Amino acid sequence: MKFGIHNPSWIFGPDPAEAFEGVKAKAQWAENHGFTWFSVMDHLIQIGHIGAPDEPFIEGWTVLSALAAVTSRVRLATLVSSVAFRNPAHLAKIAAGVHLISRGRLTLGIGAGWFEEEYRQYGWEFPPHPAVRIRQMEEAVRLIIGMWTEKRSTFTGKYFHVRDAILEPKPSPRPPIMIAGGGEQLTLRAVARLADACNVGGDPDMVKHKYAVLRRHCEAAQRDYETIERTNIASFLLARDEAALAAKRERLGAAAAFRGFSGTVAQATDLIGQYRDAGVQLLISSAFRNDRETHELVASDIMPHFT
């Protein structure tokens with residue numbers, strides 16, 4: 001099993017101007033401590049279960065571009081970009097640039113979008129039916145792959161189109177595409193048809209079930225299930241023992257706000273073993289309120305059991 005870090009918050013201290021320095025140090029620390037992945041959210045305001053909507057928040061692709069220049073080994077990704085936020089041809093160009101700067105270390109994470117309030121604030125149309133957004137996402141992925149691989153790309157879809165479009169230089173080899181979400185009828189079918197990686201949430205039993213559904217979609221699409229990297233993102237708040245955990249929960253206000261797994265190192269090791277047994281190949285850990293000790297414990301006490 002491989003391990004990654006996801007950055008859910010841009011609060012690294014009292015001064016918002018230091019946000020990039022904080023995330024840069026975090027990404028560099030990750031690649032120096034055995035993590036193979038570092039991802040950021042692609043939102044424009046903070047989501048509800050992470051923090052306040054008006055807290056400082058940096059646009060994800062801006063940060064990835066900068067991180068590409070100050071890291072050298074860790075894979076960089078969005079987890080995930082909403083299909084609605086950018087014309088997909090433009091997104092293909094942006095991603096190709098980050099892939100170039102990082103010398104081939106980008107994964108394009110993409111999803112159908114869900115945060116209606118964010119859409120409304122920034123003036124995007126929010127199709128109320130999830131099936132429409134998922135079909136938009138699938139169409140966008142097809143267009144992006146064409147932009148990356150064809151000399152000049154022409155694509156005419158229901159939602160998006162390009163005509164004789166040039167994208168140079170081509171990202172070679174092209175970035176892997178991760179599709180996030182666990183919708184069993186449409187999203188996982190799109191993964192089987194188009195994606196190089198999936199990201200599904202839930203407890204280990206739920207994840208195992210979703211992977212079984214994905215396998216059936218792969219069989220229907222005549223796709224080798226083993227060619228799709230299976231990832232899971234889990235939010236943690238960890239301490240070495242129950243007393244330290246209780247003190248940390250009180251200090252960080254986790255009782256009311258935190259939705260992830262709060263526990264000791266031993267408990268987290270057991271849980272991660274269950275995710276491994278369910279089929280997870282890359283576990284992406286997100287630490288509540290950027291709690292540094294949580295990731296330090298993952299690196300020092302948990303990862304040696306699995307790597």
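The values are calculated or read from the model by the stated rules, or taken from the named source; none is laboratory data. Fair warning: this is a prediction, and the values are worked out from it, not measured in the lab. In this analysis, Cβ positions are derived from the backbone assuming ideal geometry, glycine residues included, and neighbour counts consider all displayed protein chains.
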When (1) buried (at least 23 other Cβ atoms within 10 Å of the Cβ); (2) free of Cβ contacts under 8 Å to residues at least 12 places away in the same chain; (3) of a type in the set (Lys, Arg) are applied to Lys210, the one that fails is (2)
Checked region 115-155 for anything within 17 Å of Leu167 (Cα to Cα) and polar (S, T, N, Q); matches are Thr149, Ser153, Thr154
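Condition check ((1) in contact with a helix residue (DSSP H, G or I) (Cβ under 8 Å, 6 or more places away or on another chain); (2) farther than 21 Å from His33 by Cβ; (3) touching a residue at least 60 places away in the same chain (Cβ under 8 Å)) across all residues:
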{"position": "Asp224", "(1), (2), (3)": "yes, yes, no"}
{"position": "Ala239", "(1), (2), (3)": "yes, no, no"}
{"position": "Tyr275", "(1), (2), (3)": "yes, no, yes"}
{"position": "Ser286", "(1), (2), (3)": "no, no, yes"}
From the option list Ala30, Ala19, single residue qualifying as part of a helix (DSSP H, G or I) and touching a strand residue (DSSP E or B) at 6+ places or on another chain (Cβ under 8 Å) is Ala30
Any residue that is in contact with a Leu (Cβ under 8 Å, 6 or more places away or on another chain) and in a strand (DSSP E or B) - is there at least one of those in region 79-95?
yes
Is it fair to say Ala52 is more than 21 Å from Gly109 (Cα to Cα), of a type in the set (A, V, I, L, M) and modelled with pLDDT under 95?
yes
When every residue in region 140-152 that is in contact (Cβ under 8 Å) with a residue 24 or more places away in the chain and not hydrophobic (A, V, I, L, M, F, W, C) is compared, the one surrounded by the fewest Cβ atoms within 10 Å (Cβ to Cβ) is Thr149
Kindly establish whether Lys93 is within 24 Å of Arg230 (Cα to Cα) and in contact (Cβ under 8 Å) with a residue 60 or more places away in the chain. no
**Prompt:** Does Arg120 fit the bill of being of a type in the set (D, E, K, R), closer than 19 Å to Glu229 by Cα and outside any strand (DSSP E or B)?
**Reply:** no
Filter region 213-231 for residues that are under 16 Å from Leu282 (Cα atoms) and of a type in the set (D, E, K, R); the one that is surrounded by the most Cβ atoms within 10 Å (Cβ to Cβ) is Arg230
Given (1) surrounded by fewer than 16 Cβ atoms within 10 Å (Cβ to Cβ); (2) modelled with pLDDT of 95 or more, Ser39 misses just (1)
Going through region 250-267 in order, the residues found to be assigned to a helix (DSSP H, G or I), modelled with pLDDT of 90 or more and out of contact with any helix residue (DSSP H, G or I) (no Cβ under 6 Å at 6 or more places or on another chain) are Ala266, Gln267
Of those in region 223-249 that are outside any strand (DSSP E or B) and basic (Lys, Arg), the residue nearest to Ala77 (Cα to Cα) is Arg223
Restricting attention to region 17-35, the residues that are more than 23 Å from Ala299 (Cα to Cα) and loosely packed, with under 14 Cβ neighbours inside 10 Å number exactly 1
Taking region 71-87 and the residues there that are under 30 Å from Gly34 (Cβ atoms) and either among the hydroxyl-bearing types (Ser, Thr, Tyr) or at pLDDT below 95 (or both), the one that is surrounded by the fewest Cβ atoms within 10 Å (Cβ to Cβ) would be Ser72
Per the filter on region 1-23, residues among the β-branched types (Val, Ile, Thr) and modelled with pLDDT of 95 or more are Ile5, Val23
